[in-house]
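S.K.: Supplied in C-alpha cells, the structure appears directly below.
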Ligand code: SF4
C-alpha cells in the first residue's frame, strides 16, 4: 500500500474538467486513507468481500508523508485534514493475535456476536498516529469522518478520549443501525447497550474538553428480519432520545452482501441452510418499505397519516396523541409542511428526464458539435 500511495499523484482533478465544481473531489481532497479491509462483517455491507477481512495497513511514515504532500501541493488547503480513516476509522493495526489462527479462521466477523477473544483491540498505534499527525507543521486540525466501530472503541477508553478531545468536528457519525435484537442479529451488529457505553464516554470526555459536540447515530429501515413492531420500537427510542433523523437509509439488496441472500431467499444464511432452517421476514412491498422509512422520520408531519393508520392496524392507537410518551399527534398541522422526498426519487430516471430539456447525446446517438474542431474548420 505504501508503494501505491507514494506514487506522484497530481492531487487535482484532470485538467479536462477545467474550472468545474466536482463535489466528490471536494469531499476527498483533504482526506487520507490509512488502511483497507474490515473484519466487522455487517451483512448489509460488502466491504469485507471487496477489501478482505484482514486489515492491510499503511505505515505511519507513509501516512505522515501524504499529509505533508497535501499541505504542500493541494490548492486551497487551510490546515485541516478532513479524515484519517478507511472502511472503519478505528481498525488501524488491529488484527487477530495469532496469524496462524487468522489464516485458518472462517468466521464471517471478528466482532459478532461479541469481540473475539483472539482479537487485539489495542488502539495504541492509532493514537500515536493521531498525535504525530497533529504535531506536523502547518496542520491545524485532523478530523475523523470515517464511521467508527464503537464496540471496539469502548475497549480502549483512552482512544475515545483522544478522539473526542482532538478529532471531532462538532458531530461524530456512528452507526448502531437499529435498537432491536431481531434485526441487529440479521445485520451482525452489536446490541444498543454498547452504544450507550460509548455515548457515556463520549459525553464524559466532551465535557472534560469543554466542548459542544454531538453524536449522530445512523439507522437502517426495512432490513431483512425487521418487523413493523421493530421499527415502531426504534421510532419510540428515537423520540425518547430526542433524535430527528434527517436522512433515511432504507436497506437495498446490493451485490455480494449476505443480507441480499436473506432478502432474495427469505432464509438465514448465517446458520446452516436447510429446508427446516430459520425463515427471515423480508420487507419488499412498497407500502411496507414506505412505512418503515416513515417511522424513522416520525417527526415529519407528511408521514403522520401513514403512521396513524399503521398504529391503529397494529393495535397501538394509544401512541397517537400529544403526550410525552406518544409518538405522533392525533391531528395534522393546519398548514402541511413540504413533503419529504428521498434522494433517489429526486435522482430517478423520470425526474432526470424532466430536468433535461433535450435528448442526451452520446457517441452512438451523435455527439454535439465540438466547438474547438468547428473553429479550426474541421469536421466533427
Ligand atoms: S480467531 Fe477471532 S480474531 Fe482471529 S480471525 Fe478468527 S474471528 Fe478474527
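Where a number appears in this text, it was derived from the coordinates with a stated rule and is not lab data. These numbers come from a predicted model, not from an experiment. Every residue, glycine as well, gets a Cβ built from its backbone with ideal geometry; the counts of neighbours run over all protein chains shown.
S.K.: Kindly identify region 267-322 as rounded, prolate or oblate by the Cα gyration tensor criterion: order the square roots of the eigenvalues as a ≥ b ≥ c, call it rounded if a/c is under 1.5, otherwise compare a/b with b/c, prolate if a/b is larger, else oblate.
M.R.: Prolate is the answer for region 267-322, as a/c is 1.5 or above and a/b outweighs b/c.
S.K.: Still on this structure, please answer the following. How big is the antiparallel share of DSSP beta bridges in the chain, given as a percent to the nearest 5?
M.R.: On the way: 4 of 18 bridges.
Within the chain, antiparallel bridges account for around 20 percent of the total.
S.K.: Here's something else I'd like to know. Could you check which residue among 118, 268, 242 shows the biggest mean-square fluctuation in a GNM of the chain with a 10 Å Cα cutoff?
M.R.: 242
S.K.: Follow-up. Provide the gained length on full extension for the span residue 59 to residue 277, in nm with one decimal, where the gain is 0.36 nm per separating residue minus the Cα-Cα distance.
M.R.: Working: separation 218, 0.36 × 218 = 78.48 nm, distance 4.52 nm.
The span from residue 59 to residue 277 would gain 74.0 nm if fully extended.
S.K.: Please work out the ratio of the alpha-carbon Rg of the chain to 2.2 N^0.38 Å and round it to two decimals. Write out the running numbers ahead of the final one.
M.R.: On the way: Rg = 24.2 Å, N = 380, 2.2 N^0.38 = 21.0 Å.
So the chain has a normalised radius of gyration of 1.15.
S.K.: GNM, the chain, Cα, under 10 Å: largest mean-square fluctuation among 131, 36, 93?
M.R.: Of the options given, 131 has the highest mean-square fluctuation.
S.K.: Computed FRET efficiency, Cβ-Cβ of residue 243 and residue 7, R0 35 Å: what is it to the nearest 0.05? Before the final figure, lay out each step's value.
M.R.: Details: r = 43 Å, r/R0 = 1.22.
Between residue 243 and residue 7 the formula returns 0.25.
S.K.: Right, something else. If the chain between residue 68 and residue 14 were fully stretched, how many nm would it gain, using 0.36 nm times the residue separation less the Cα-Cα distance?
M.R.: Numbers: separation 54, 0.36 × 54 = 19.44 nm, distance 2.15 nm.
Using 0.36 nm per residue and subtracting the Cα-Cα distance, I get 17.3 nm.
S.K.: Rank these for me by crowding, 308, 149, 71, going from fewest to most other beta carbons within 10 Å. Display every interim value, and only then the final one.
M.R.: On the way: 308 19, 149 26, 71 16.
Neighbour counts put them in this order, fewest first: 71, 308, 149.
S.K.: Next question, about the same structure. Under the 0.36 nm per residue contour assumption, what length would be gained going from the current alpha-carbon distance of residue 140 and residue 252 to full extension?
M.R.: Fully extending the segment from residue 140 to residue 252 adds 36.4 nm.
S.K.: Which of 19, 49, 181 moves the most in a Gaussian network model of the chain with Cα springs under 10 Å?
M.R.: 19
S.K.: Sorted from fewest to most neighbouring beta carbons within 10 Å, what does the list 318, 278, 212 look like? Don't jump to the answer; show the numbers that get you there.
M.R.: Working: 318 11, 278 15, 212 8.
Final ranking by Cβ density, sparse to dense: 212, 318, 278.
S.K.: Starting from the Cα gyration tensor of region 1-59, take the square roots of the eigenvalues, sort them a ≥ b ≥ c, and report rounded, prolate or oblate (rounded when a/c is under 1.5, otherwise prolate if a/b is larger than b/c, else oblate). Present the calculation step by step, with values, prior to reporting the outcome.
M.R.: Working: a/c = 3.28, a/b = 1.70, b/c = 1.93.
Oblate, since a/c reaches 1.5 and b/c is not below a/b.
S.K.: Also, quick follow-up: When the helix-only estimate is applied to the chain (DSSP H runs of n ≥ 4, each -39,500 (n - 2.57), divided by the residue count), what is the mean residue ellipticity at 222 nm, nearest 500 deg cm²/dmol? Spell out each step's value before the answer.
M.R.: Working: 17 runs with 143 residues, N = 380.
So the calculated ellipticity at 222 nm is -10500 deg cm²/dmol.
S.K.: Please work out the Kirkwood hydrodynamic radius for region 35-152, using every pair of different C-alpha atoms, and report it in angstroms with one decimal place. Mind showing how you got there, number by number?
M.R.: Working: mean 1/r = 0.0647 Å⁻¹.
In region 35-152 this quantity evaluates to 15.5 Å.
S.K.: Which of 132, 208 comes first, and how do the rest follow, when ranked by fewest Cβ neighbours within 10 Å? Could the numbers behind the result be given before it?
M.R.: Numbers: 132 14, 208 11.
Neighbour counts put them in this order, fewest first: 208, 132.
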